[in-house]
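The values are calculated or read from the model by the stated rules, or taken from the named source; none is laboratory data. Note that the coordinates shown come from a computational prediction; the quantities given were computed from them, not determined experimentally. Ideal geometry is used to build each Cβ from the backbone, glycine not excepted, and the neighbour counts take in all protein chains shown. Ligands, DNA and RNA are stripped out before the accessible areas are found, and what is left, the full protein with its side chains, is counted by its heavy atoms. Shrake-Rupley method; radii C 1.70, N 1.55, O 1.52, S 1.80 Å.
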Amino acid sequence: MGSACCKEDSAPPTPHSLTAQGLVQNQPQSRALHPSQESSKTNMADAATIAKLEEGFKKLEAATDCKSLLKKYLSKSIFDSLKAKKTGLGATLLDVIQSGVENLDSGVGIYAPDAEAYSLFAPLFDPIIEDYHKGFKQTDKHPNKDFGDVNQFVNVDPDGKFVISTRVRCGRSLEGYPFNPCLTEAQYKEMEEKVSSTLSGLEGELKGTYYPLAGMTKEVQQKLIDDHFLFKEGDRFLQAANACRYWPVGRGIYHNDNKTFLVWCNEEDHLRIISMQMGGDLGQVYRRLVSAVNDIEKRVPFSHHDRLGFLTFCPTNLGTTIRASVHIKLPKLAANREKLEEVAARYSLQVRGTRGEHTEAEGGVYDISNKRRMGLTEFQAVKEMQDGILELIKIEKEMA
């Protein structure tokens, strides 16, 4: 997708782009409201909000070059049925669509201001989710979390000739808190306290340090920039979604002593957890992530939906929330982009340039990841990526 509702991963860190997105749970408890409960507790959007919505809808309709999923699925009838609705926390359709209206080059164009939005504004969210997560129909239910047999994952490039670095990340939201646009300054501080105290309990390989963005010294800031860990205030898509309020309050970064495990607090999602390292040992990276997620979830409950899986701010990250990726050198396939895309499509892989979305491959180096996050387990999502990467390496060797 294009630059999308969520920017997928922001500023790319090193072992290929040490960016993060997440956490994980055992049997997550779903506290999602039943739709009838939700509608009964909502009130109406005010006249000023509805006027802004009408203006935004006209702008979308007039934007003939706009290719976002928001424009594709926000019909007049859906718009009219949703424009006056408001969640229990006060979020309206304007909160959902404002980023896509302001940024007409968005690929997706919508965010969920709180968990209830996914149910209340389902006539808009559901078709967009089905389109993006190809094959996840509105009647489908995301499977329970299942990391599977972690020993099935291997070093995809034991000779170190192709894969530069490997990363697996996932995202989580803390249960009982809304997403960015509805968070108060006090809630940001409260969440950061919960997160930092939880992470301080990690031991062994995961043991590390939490660095709050607020009050950060120049020395610490420079160190985190040098390591490519520091995330900056949100890009224009997040800014327009009202996701950067009270910055830098409540935001921070945790990394382990080996710099192979990273957690972001309140960047786009409440939590993004990443495991990464140089080379192609996907098995080691995945096992570290699973260990961390299982440990953290014992201490903090996560927001989960019976049908959609783990809930995130951006609908592209729902379900497993897993993105497993490699930076990989494929010079022969780079010269035959059609073949590269054909193999990638067969394994549901997303091919991006060296520095992420909308960039070119530098020296035949691509960022390749699993595309599907919904309707399959965590194990299946990462296995799809492993199988595809092994196949790409096999073809690259044959072409040589």
Using only the alpha carbons of the range 37-117, determine the length spanned along each of the three principal axes and report them from longest to shortest in whole angstroms.
38, 23, 19
How much of the accessible area of the range 276-400, probe 1.4 Å, is carbon plus sulfur, in whole percent?
47 percent
Where the range 90-151 is the region considered: accessible area per residue in Å², 1.4 Å probe
33 Å²
Could you tell me what fraction of 2.2 N^0.38 Å the Cα radius of gyration of the range 242-365 comes to, as a two-decimal ratio?
1.25
So which DSSP H runs in the chain come out at 18 Å plus along the axis (Cα) with average Kyte-Doolittle of at least -1.0?
47-62, 282-297, 378-399
Given Cα pairs under 8 Å that are at least 6 residues apart, what percent is the relative contact order of the range 258-400?
20 percent
What list of ³J(HN,Hα) values in whole Hz, one per residue of the range 366-373 in order, does the Karplus curve 6.51 cos²θ - 1.76 cosθ + 1.60 (θ = phi - 60°) give from phi, with Gly and Pro shown as x?
10, 9, 10, 9, 6, 9, 7, 10
With every protein chain kept in place and a 1.4 Å probe, the range 290-344 has an accessible area per residue in Å² of 31 Å²
Is it possible to state the helix-based mean residue ellipticity at 222 nm for the chain, with each DSSP H run of 4+ residues giving -39500 (n - 2.57), the sum divided by total residues, to the nearest 500 deg cm²/dmol? What is it?
-10500 deg cm²/dmol
What percent of all Cα-Cα pairs in the range 197-237 falls in each 5 Å bin, counting up from 0?
5, 18, 22, 18, 23, 10, 3, 1
For the chain, treating each Cα as an identical point scatterer without solvent, what Debye log10 I(q)/I(0) comes out at q = 0.07 1/Å?
-0.30
Amide H contacts under 5 Å for Gln350, restricted to residues at least 5 apart in sequence or on another chain and with H modeled in the peptide plane, are Ser369, Asn370, Lys371
Please list the non-local residues whose amide H lies under 5 Å from the amide H of Ile110, H modeled 1.01 Å from N, same-chain partners needing a gap of 5 or more.
Cys5
Which semi-axis lengths, in whole Å and largest first, follow from the square roots of five times the eigenvalues of the Cα gyration tensor of the range 216-275?
21, 14, 10
Spelling out what I want: for every residue of the range 244-249, take phi, set θ = phi - 60°, compute 6.51 cos²θ - 1.76 cosθ + 1.60 (Karplus), and round to whole Hz; glycine and proline get x.
10, 5, 6, 4, x, 4
HN-Hα couplings for the range 273-280 via Karplus (6.51, -1.76, 1.60; θ = phi - 60°), in whole Hz with x for Gly/Pro, come out as 10, 10, 10, 7, 6, 6, x, x
Arrange the peptides 72-82, 96-106 so that the one whose residues have, on average, the most other Cβ atoms within 10 Å appears first.
96-106, 72-82
With N set to the residue count of the range 64-204, report its C-alpha Rg divided by 2.2 N^0.38 Å to two decimal places.
1.36
Given H placed on each backbone N at 1.01 Å, which residues far from His305 in sequence or on other chains put an amide H within less than 5 Å of it?
Phe310, Leu311
Normalised by the number of residues in the chain, what is the relative contact order in percent for Cα pairs under 8 Å and 6+ residues apart?
25 percent
